[in-house]
Structure formats: structure tokens, C-alpha cells
Amino acid sequence: MRITFLIFDIYGMGGTVRTVLNTANYLAAHGQDVEIVSVFRKNKDPFFPIDPRIRIRVLRNSVAAGQVGGRPGIKQRTLQYLRVPKLKSRLIHRDDEAYDAFSLMSDVKIYRFLKSLHDGVLITTRPSFNLMAAKYVDPRVCRVAQEHLNFDIHPPGLQRAIRRLYPRLDHLITLTDDDTATYRRLFDSTGLDVRKITNSAPQVSCPQSSLDQKAVIAAGRLVPQKGFDLLIEAFARVVERFPDWRLKIYGYGRERDALQRLILDKHLYNHVFLMGPSRDMQQELAQASIYALSSRFEGFGMVLVEAMQCGVPMVSFDCPKGPAEIVTHGEDGWLVENGNVERFAEALMDLMGDDEKRRRFGQNAVRNVQRFDIQQIGQQWLDLLEDIGRNRA
């Protein structure tokens with residue numbers, strides 16, 4: 001069967017891109033016919049490696065558009081008109097966090113792509129795409145929707161749309177036990193197959209941290225969800241006792257200026273650094289002694305898995321709903337009451353002041369992360385495809 005992934009921007013960074021590529025690369029390596037359809041392409045080169053056996057199709061190529069010279073023709077002028085702000089998307093749900101990135105032009109391109117499908121498997125990767133697959137895709141196509149956030153986090157309008165339209169899908173893939181239980185309750189009598197296939201660890205050679213660097217690392221989009229403002233607040237308390245430790249935050253996003261002002265206001269300019277994105281987080285993690293996850297909510301927390309691969313102990317808010325299924329409290333890291341900045345600072349200082357505990361937690365992390373190995377998670381995807389093929393036959 002042809003397997004097609006629909007994603008926002010496969011050339012970007014982030015947990016969804018990483019896990020989609022982990023899965024797609026594994027399937028391609030096992031002889032599956034895989035295509036990734038990326039609505040946008042905003043970078044010339046992909047942030048993460050893509051198996052050359054995977055076909056990539058881009059619906060809205062900003063890189064190519066930027067290379068076109070001369071006066072635009074009628075077609076180009078029409079497309080430019082469709083992109084103006086007053087012609088916002090009609091198909092993307094208004095509660096989608098990336099709603100403003102879409103337009104009437106992207107609607108047309110996504111709709112035409114979806115209507116072109118008549119067989120195979122379509123795997124969609126965000127709620128708006130899941131809803132569009134339910135509404136517009138030929139039912140001869142097996143529609144597999146991924147949920148990367150838990151149901152309770154979605155705004156009420158999006159929750160209502162999910163309740164109404166998800167039963168038209170064939171399979172819904174969740175990341176955590178809690179999510180699986182929630183969605184099974186919601187769709188218990190609909191026939192929708194809800195199953196958990198968690199994210200997998202990237203199949204890379206991970207250098208192991210020596211855990212002797214006085215460095216805490218964090219990574220993710222610089223947006224309110226990731227709680228880097230809370231992390232900076234916590235670190236302001238840490239430096240009073242451990243002034244020789246540093247915090248490095250990797251990533252980019254709209255909150256960068258606000259976070260930089262907070263660093264200055266807290267007089268942390270010699271202690272906290274916004275590093276921008278990194279193409280080799282494994283190397284950065286190998287130079288860290290603690291990983292800090294300060295998110296207000298998470299779908300999973302993919303970067304925690306990457307930190308575990310490098311033997312780095314973790315301090316994480318016990319936010320809904322992913323970290324508690326990754327971090328084993330008191331064994332490979334600390335789970336802290338969600339949003340409690342004081343307790344978060346105390347957990348950081350506990351590991352900073354205890355070299356033996358850091359090393360013990362790091363060794364446990366390397367052992368515990370094996371449950372997220374791509375060989376195990378990839379086999380679950382192959383099992384799903386086998387079930388689909390058998391049912392379709």
C-alpha cells in the first residue's frame with residue numbers, strides 16, 4: 001500500500017517533525033511505499049535527515065517562490081491575492097494554534113491533494129488535518145489520524161469538531177495511556193479504532209554525557225506552552241546557591257524577545273542564554289548535566305527521550321500528559337508539581353549538588369529509554385498496516 005503522511009512543514013524542527021520522520025524512515029527502510037506531503041516548505045534544507053527512498057511533495061513552497069524573478073503573471077498574481085490577510089483559511093479550524101499560517105490558497109492546495117487520493121493509507125498529523133481527512137477524503141482511503149496533544153488541552157470549539165467528525169476516520173493514534181483511555185471513552189460506540197503508538201527515539205549514535213559540566217539544557221519552540229518563562233524564574237533562584245551553573249535554551253519562536261527581557265530583568269545575562277536552534281541536539285545534550293522540561297502542557301515530550309539516550313537526568317513539570325509516562329520519578333529524573341517554580345528550582349539544585357545521584361539517574365535513563373526504541377515502535381506501525389491490509393482485503 002502507498003502510505004502518505006500529511007504534515008505542516010517537514011523541513012522544520014520540532015517534536016512532530018522528528019517523530020513523523022522516525023516513523024517514515026523506519027517504514028521506508030522496511031520496504032514500504034512512503035510519501036510525505038508537506039503543506040509548507042520554509043527552509044531550503046530539512047532540519048532532520050530524510051530517507052532518500054521517501055518521496056517528498058510540497059504544496060506551498062516558500063523557498064521556490066522566493067527564487068522566482070521578474071513580473072508575476074496572471075496565475076502568480078491570483079495566488080498572491082488569495083494569500084492576503086482578508087482571505088484567511090476557511091478549512092483549517094479557527095482554534096488550530098497555527099491558523100494564521102494558513103490562507104485560502106493553502107486551503108485550495110490541501111483540498112485538491114485530499115480529493116486526489118483514492119487508495120492507500122493517509123496519516124494526518126494535526127487536528128485540523130484529521131478533521132479535513134474525515135470530511136473530504138474518499139473512504140476507500142484508510143484514514144489514520146495522529147493526536148499529538150491530549151483532548152483536554154484543545155479549546156471547546158475544536159473539541160466539539162473532534163467529537164463530531166473523528167468517528168468518520170478509520171484509526172486514531174494516541175501517544176499516552178491517559179489519552180488512549182480518554183479517546184476510547186469518547187468514541188466507545190462509534191467503531192473508531194483508538195490505539196496507542198508512542199513516539200520513538202531517533203535511531204542515532206548518541207554520545208554519552210560525562211555529567212560533569214555545570215550546564216542545564218532545555219529545548220523547544222519559544223512559545224508560552226513550553227514555559228521557558230517559568231524555567232527562567234526557577235533558575236533565578238538556583239543561581240543564588242549555584243552561581244557557576246549555566247542554563248542554555250535551544251529553539252526559536254515568537255517569545256524570544258519577551259524571554260530575553262525577562263533574562264535582563266532578572267539580571268541573569270551571565271547565567272541564562274538563548275542559543276537558537278541546533279541541528280545536532282545530541283551533541284548539545286552530551287555537554288549538559290541536567291535536562292529541564294518546563295512545559296505547561298505536552299503531548300508527549302520527545303526531547304526527554306533524546307536526553308535519556310544521552311544519559312542526562314531530567315527535571316520536568318508533571319504537566320498533562322506526556323512526561324509522567326517517560327520520566328520515572330526518583331529513578332531517572334524528578335517530576336515536579338505542574339507550574340510550581342519553587343519546587344522546580346529545588347529539584348534542579350538537588351541534582352546540581354549531588355554528583356553521585358546525577359550519575360545514577362543518568363545510567364537509569366539510558367536503560368529505561370530502550371522502551372522507546374524505533375525497532376519496537378516501528379513494529380507497532382507495521383502491525384497496524386498489516387491489520388489495515390487484512391481488513392481492506
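One table, with the values for the structure above:
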item	result
Inter-part distance where segment 291-327 and segment 140-209 are each reduced to a Cα centre, Å	19
For segment 329-382 and segment 249-276, distance of Cα centres in Å	25
Cut-off under 5 Å, modelled amide H: who pairs with Glu298 long-range	Lys321, Gly322
Gain on full stretching of the segment that runs from Tyr99 to Arg343 - 0.36 nm per residue minus C-alpha separation	84.3 nm
Partners for Lys321 among lysines (Cα-Cα distance below 19 Å; same-chain residues under 8 apart left out)	Lys196, Lys226
Karplus-derived HN-Hα couplings along segment 151-164 (A = 6.51, B = -1.76, C = 1.60, θ = phi - 60°), whole Hz, x at Gly and Pro	4, 5, 6, 5, x, x, x, 5, 4, 5, 5, 4, 4, 6
Long-range tail of P(r) for segment 177-234 (Cα pairs > 13 Å, %)	78
Nonlocal amide H pairs with Val58, under 5 Å, H built at 1.01 Å	Ser38
For Arg359, Arg392, Arg126, order by how many other beta-carbon atoms lie within 10 Å, fewest first	Arg392, Arg359, Arg126
Inter-label distance, nm, simple model (7 Å from Cα along the C-beta direction), Val204/Glu331	2.6
Length gained when the stretch Leu87-Val366 is fully extended (0.36 nm per residue, less Cα-Cα span)	95.5 nm
Under the Karplus curve 6.51 cos²θ - 1.76 cosθ + 1.60, θ = phi - 60°, whole-Hz ³J(HN,Hα) for segment 183-199, x wherever Gly or Pro sits	6, 5, 5, 5, 10, 4, 9, 9, x, 5, 7, 9, 9, 8, 10, 6, 5
Selected from Ser38, Ser205, Ser295 as most flexible by GNM, with the chain as the system and alpha-carbon contacts under 10 Å	Ser205
Extended-chain gain in nm, criterion 0.36 nm per residue less alpha-carbon gap, Asp119 and Asp318	67.5 nm
Least to most buried among Arg256, Arg55 (fewest other Cβ within 10 Å first)	Arg55, Arg256
Percentage relative contact order, segment 215-371, counting C-alpha pairs under 8 Å, at least six apart	24
Descending Cα extents along the principal axes, segment 215-371, whole Å	40, 31, 29
3J(HN,Hα) from dihedral phi, segment 355-367, Karplus parametrisation 6.51/-1.76/1.60, rounded to Hz, x for glycine, proline	4, 5, 5, 4, 5, 5, 4, x, 5, 5, 4, 4, 6
Long-range amide H partners of Tyr11 with built H, under 5 Å	Lys42
Candidate lysines for bridging to Lys214, where Cα separation is under 22 Å - those fewer than 8 sequence places away on the same chain excluded	Lys248, Lys266, Lys357
Expected 222 nm ellipticity per residue - DSSP helices of 4 or more, -39500 (n - 2.57), all of the chain, to 500	-12000 deg cm²/dmol
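Throughout, read-outs are computed from the coordinates displayed, never taken from laboratory work. Quick caveat: nothing in here was measured; it's all calculated off a predicted structure. Every residue, glycine among them, receives a Cβ derived from its backbone with ideal geometry; neighbour counts consider all protein chains shown.
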